[in-house]
Amino acid sequence: MRLPYRIVRPLARIALKIYFRKIYLTGLDNIPTDKPIILAANHPTAFLEPCLLACTLPRPLHFLVRGDFFQKKLHRQLLESLHMMPIYRLKDLGLKGVKNNYSALDRAYDLLGQKKMILILAEGKTEHEKRLRPIQKGTARMAIGALEKYPNLEVQIVPIGVNYADVLNFRSDVMLDIGKPMDVRSYLNDSQQHPAKTIKQITTDLKNQLEQQVVIIKEIQDETLTEQLFQLAKDKTRPFPIQIANRTPLQVQKSIADSINSMNKEEKQRLKVQVNTFFKKLAALNLKPESLQGIKKPSIFYYFKLVLGYIPFLLGYFVNLPPLYFGHWWAENKVKEVVFYASIKASFALAAYLILGLLLFMTALLIGSPYFYMGLLAIPLLGLFALYYWEFKKEGQQQATIAQIDPITIDQLLKERKEILTRLNRREGS
């Protein structure tokens, strides 16, 4: 494992566990530990999927990345040190670039021959949407090519569904679901006689598996309604642990999306009116959907904790805010394509944080005071405290707001929420 990968991986892991409130990782046992693996994932953002998988899976991961990122020597050296390999598209460098793919693929075959793990973003194109785009044949071709070079390999294609709750916003959830491995050798009975048919069959089977692991909203016009229903059905969770093996959130979202996909226009319209009316009532009362779960009036201990933690919160907030704001500002003002937004925001915030940390460390060396070193170590801890203090405060404010609303109104809201979710459940069971 190259040194930059060793350094960047734990830092990125910390950054991702701050950016996301919950990381649901399921099916980890489906990845064989002693065989060459091609991970095949969907691709809704520019490069968050590779980062997430590299940081959550136990084995080192190698990636195929757009070749146009490798044109400058410095960029190439940096990317290769992070286990990345260029793959060229016709529109990047024309036929000359495509010819360069032979060496990249040969490198991938050698890694598989060493029983390494390679990630392919199987759709071949990035789209910020909750649906599965057509699966390209590149995954199957790589697997077959590796077996042609190393006939005794037991290459496994492992599908992974990557599902974001709201990736554009800080502190949302992500659901990573690892499917059953596909043994490529089992497809080879017809490969010598019908190689194109074999590649097509592998690609079709991969698509069928990924469809079971990805939240799919078929119609663009249904996205707002479905997202509102996701919010209504979401259970309130504790802040820790951040990474957890729980497939229920993904199952809930898939169930809701499937119900919406199967409805006719009249059913959708009636449900849309009901849901929009409900959300307008919540907005008028300054409430969020999750506030209606586990309603309880804030106790005196809540306010005691709030007062006790206020000074540490302020310290952590103002010291740690600049790098976070820089990542947000850069994404808002410099990013033109939505698929790059979340990736740039998270990575630039991390880079700014590391630069700030380096400057403070150099200052500590110049000053030489042990108290300054202690303060330097306290900065990230105060930042984490500020983050969770803020969420604790916001949740308490919502409960305090509920406590001031007429109980009859709250009961009516709870009844309407239950009616909407019951209606979906009946639709699913029909």
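The values are calculated or read from the model by the stated rules, or taken from the named source; none is laboratory data. What you see is a predicted model; the values in this text were computed from it and never measured. All Cβ positions, glycine included, derive from the backbone under ideal geometry; neighbour counts span all protein chains shown.
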Checked against (1) β-branched (Val, Ile, Thr); (2) surrounded by 15 or more Cβ atoms within 10 Å (Cβ to Cβ); (3) in contact (Cβ under 8 Å) with a residue 24 or more places away in the chain, ILE242 satisfies every condition except (2)
Being under 16 Å from LEU421 (Cα atoms) and aliphatic (A, V, I, L, M) is the filter; apply it to segment 205-238 and report the residue that is surrounded by the fewest Cβ atoms within 10 Å (Cβ to Cβ). ALA233
With respect to GLN231, is the statement that it is more than 14 Å from LEU424 (Cβ to Cβ) and among the polar types (S, T, N, Q) true? no
For segment 167-209, name all the residues that are assigned to a loop (DSSP other than H, G, I, E, B) and without any contact (Cβ under 8 Å) to a residue 24 or more places away in the chain. ASN169, GLN192, GLN193, HIS194
PRO249 fails exactly one of (1) more than 22 Å from ALA15 (Cα to Cα); (2) outside any helix (DSSP H, G or I); (3) within 19 Å of the chain's Cα centre (by Cα), namely (2)
Yes or no: SER191 at pLDDT 95 or above and polar (S, T, N, Q)? no
Top-ranked residue in segment 294-313 [being without any contact (Cβ under 8 Å) to a residue 40 or more places away in the chain and of a type outside the set (Phe, Trp, Tyr); ranked as nearest to TYR19 (Cα to Cα)]: ILE311
Taking the criterion of being surrounded by fewer than 18 Cβ atoms within 10 Å (Cβ to Cβ) and modelled with pLDDT of 95 or more, would at least one residue in segment 35-52 satisfy it? yes
Tell me whether segment 151-164 contains one or more residues that are assigned to a helix (DSSP H, G or I), assigned by TED's automatic domain parsing to the domain that holds THR204 and farther than 22 Å from PRO60 by Cα. no
